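Below you will find the structure I want to go over with you.
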Amino acid sequence: MDPYAERVRASPLRFLYGLNPLAKLLAPLPAMVLLAFVRDLATPAAFLALTYAVLLVGVSITPRLLVVLLALVPAAAVSIGFGFSLWIDPSGVDQSLVVWRVGSWTLYGGALLVGFATGLRIAAIIALALIAGLSTTGPDLVRAAVQQLRVPYRIGYTALAAFRFVPRFGHELEVIRHAHRVRGAHGGRGTLAAAARWSGYLVPLLAGAIRHAERVALAMDARAFGAHPDRTERHLVPWRIRDGVFTAAFVAASGAIFWVLFPWGAA
């Protein structure tokens, strides 16, 4: 059973899961490009609000995700904005309001505006990336790239096989750690003991990776993988009308935000 189809049926109201992965990548792309050229506060704030609205409606909200969206992203924007404001040349903003003065050093309101605008831009770009990141898996993206973008399936499914290695490595690492713990190898605490333990994990982990890669290569060769220019897809990730509607609507909303809020006169 295709996990993509299972997730769509399990979350009928969370529309992002049912969209083509390429639609979720293409729709925010113009906004992410435009944000590199804005310097005001209103434009990235509007893009951030739009993205939050799409995420809150389009994906399943877990407590961890809620903390990320409502606490970590704003905190990162404030921290980055304040950090950037400290590096702004005072000679360019010395006509603005003095916010903080320590000896000969002065923090101006203009520097804070520039810094927080930068922090908001970065936060908005991160939030836009979450539209695809929170509702798309690697296998879905590979299938869509092969089926819609005509990426050669030899490349796409080789990348998919490599992607499948990641959870297997985690499982094998846990097995190796348990085996070392049972045998009492590399005991002790501290940095040197931890380094010794990890050095002991690397060789068996590398050997397991080589064995697994050899089995995958033999299986692909036995199935004549790559012998034909095309292959029959078991799991289809089609481009539907709703994918085009979502892409067009998001691009239109992004263009409207940029047209209304961007300070054209100041540019």
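Cβ-Cβ distance below 6 Å, separation of 6 or more or different chains: which pairs start in the stretch 69-88 with a residue that is in contact (Cβ under 8 Å) with a residue 12 or more places away in the chain and end on one that is aromatic (F, W, Y) and assigned to a helix (DSSP H, G or I)?
G81/F116
Taking the conditions exactly as written (in a helix (DSSP H, G or I), modelled with pLDDT of 75 or more, charged (D, E, K, R) and more than 30 Å from R14 (Cβ to Cβ)), does R197 satisfy them or not? So that I can check it myself, show each step before the final result.
Values: in a helix (DSSP H, G or I): yes; modelled with pLDDT of 75 or more: no; charged (D, E, K, R): yes; more than 30 Å from R14 (Cβ to Cβ): yes.
No, not satisfied.
Per-residue answers, yes or no, for (1) at pLDDT below 85; (2) part of a helix (DSSP H, G or I):
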residue	(1), (2)
F47	no, yes
V54	no, yes
V57	no, yes
L72	no, yes
A76	no, yes
F82	yes, yes
R101	yes, no
A111	yes, yes
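Please determine, by comparing only the residues of the stretch 108-156 that are crowded, with 19+ Cβ neighbours inside 10 Å and charged (D, E, K, R), which one is nearest to V73 (Cα to Cα).
Of everything passing the filter in the stretch 108-156, R121 is nearest to V73 (Cα to Cα).
So is G170 loosely packed, with under 13 Cβ neighbours inside 10 Å, over 17 Å from G138 (Cβ atoms) and either at pLDDT 75 or above or out of contact with any helix residue (DSSP H, G or I) (no Cβ under 8 Å at 6 or more places or on another chain) (or both) or not?
Values: loosely packed, with under 13 Cβ neighbours inside 10 Å: yes; over 17 Å from G138 (Cβ atoms): no; either at pLDDT 75 or above or out of contact with any helix residue (DSSP H, G or I) (no Cβ under 8 Å at 6 or more places or on another chain) (or both): yes.
No; evaluated as a whole, the condition is false for this residue.
While we're here: Report every pair of residues separated by at least 6 positions or lying on different chains whose Cβ atoms are under 6 Å apart, first residue within the stretch 15-26 and under 12 Å from L149 (Cα atoms) and among the hydrophobic types (A, V, I, L, M, F, W, C), second surrounded by fewer than 23 Cβ atoms within 10 Å (Cβ to Cβ) and at pLDDT below 90.
Pairs found: L22/Q148.
The values are calculated or read from the model by the stated rules, or taken from the named source; none is laboratory data. Since the structure is predicted, the reported quantities are computational estimates derived from the model, not experimental observations. For neighbour counting, all protein chains shown are included, and Cβ atoms are generated from backbone atoms with ideal geometry for every residue, glycine included.
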